Amino acid sequence: DEKEKFEPTVFRDTIVQGLNEAGNDLEAIAKFLDSAGSRLDYRRYADTLFDILVAGSMLAPGGTRIDDNDKTKMTNHCVFFAEEDHDAIRNYAQVSKR
């Protein structure tokens, strides 16, 4: 019985790359997340996925981002960087509900 390695940073890098490649199109982001779900273990990395969708990168205990300002480890396609209006936030919520 082999155990899988727990590699949240590899998961983060894959998700962030896909979100950044999708650009500002929320429909493209949703399609990427749908297609990635078949090959990435969202349940195993649920906390990391939530951090990325809300804050744009992985979070350390206490809420600081773990990205060392490396643009390849963070995305602006998240709730924290969304426009500050009800519709924009609701659209991000719809993406994450899929």
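See the values below:
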{"item": "Pick from segment 50-64, criterion within 11 Å of the chain's Cα centre (by Cα) and part of a loop (DSSP other than H, G, I, E, B), ranking: nearest to ALA82 (Cα to Cα)", "result": "GLY56"}
{"item": "Any chance ILE66 is among the hydrophobic types (A, V, I, L, M, F, W, C) and open to solvent by less than 30 Å² (accessible area, probe 1.4 Å)", "result": "no"}
{"item": "Scan of segment 35-49 for residues that are assigned to a loop (DSSP other than H, G, I, E, B), among the charged types (D, E, K, R) and within 22 Å of ILE66 (Cα to Cα), ordered by number", "result": "ASP41, ARG43, ARG44"}
{"item": "Subset of segment 36-54 (residues that are charged (D, E, K, R) and surrounded by fewer than 17 Cβ atoms within 10 Å (Cβ to Cβ))", "result": "ARG39, ASP41, ARG43, ARG44, ASP47"}
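Residues checked against (1) open to solvent by 60 Å² or more (accessible area, probe 1.4 Å); (2) out of contact with any helix residue (DSSP H, G or I) (no Cβ under 8 Å at 6 or more places or on another chain); (3) more than 20 Å from ASN91 (Cα to Cα):
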residue: LYS5; (1), (2), (3): yes, yes, yes
residue: THR14; (1), (2), (3): no, no, yes
residue: GLN17; (1), (2), (3): yes, no, yes
residue: ILE29; (1), (2), (3): no, no, no
residue: ASP34; (1), (2), (3): yes, yes, no
residue: GLY56; (1), (2), (3): no, no, no
residue: LEU59; (1), (2), (3): no, no, yes
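The values are calculated or read from the model by the stated rules, or taken from the named source; none is laboratory data. Not measured: the values here are computed from a predicted model. With ideal geometry, Cβ positions are generated from the backbone for all residues, glycine too; neighbour counts draw on all protein chains shown. Side chains are part of the model used for accessible areas, which takes the heavy atoms of the whole protein and leaves out ligands, DNA and RNA. Shrake-Rupley method; radii C 1.70, N 1.55, O 1.52, S 1.80 Å.
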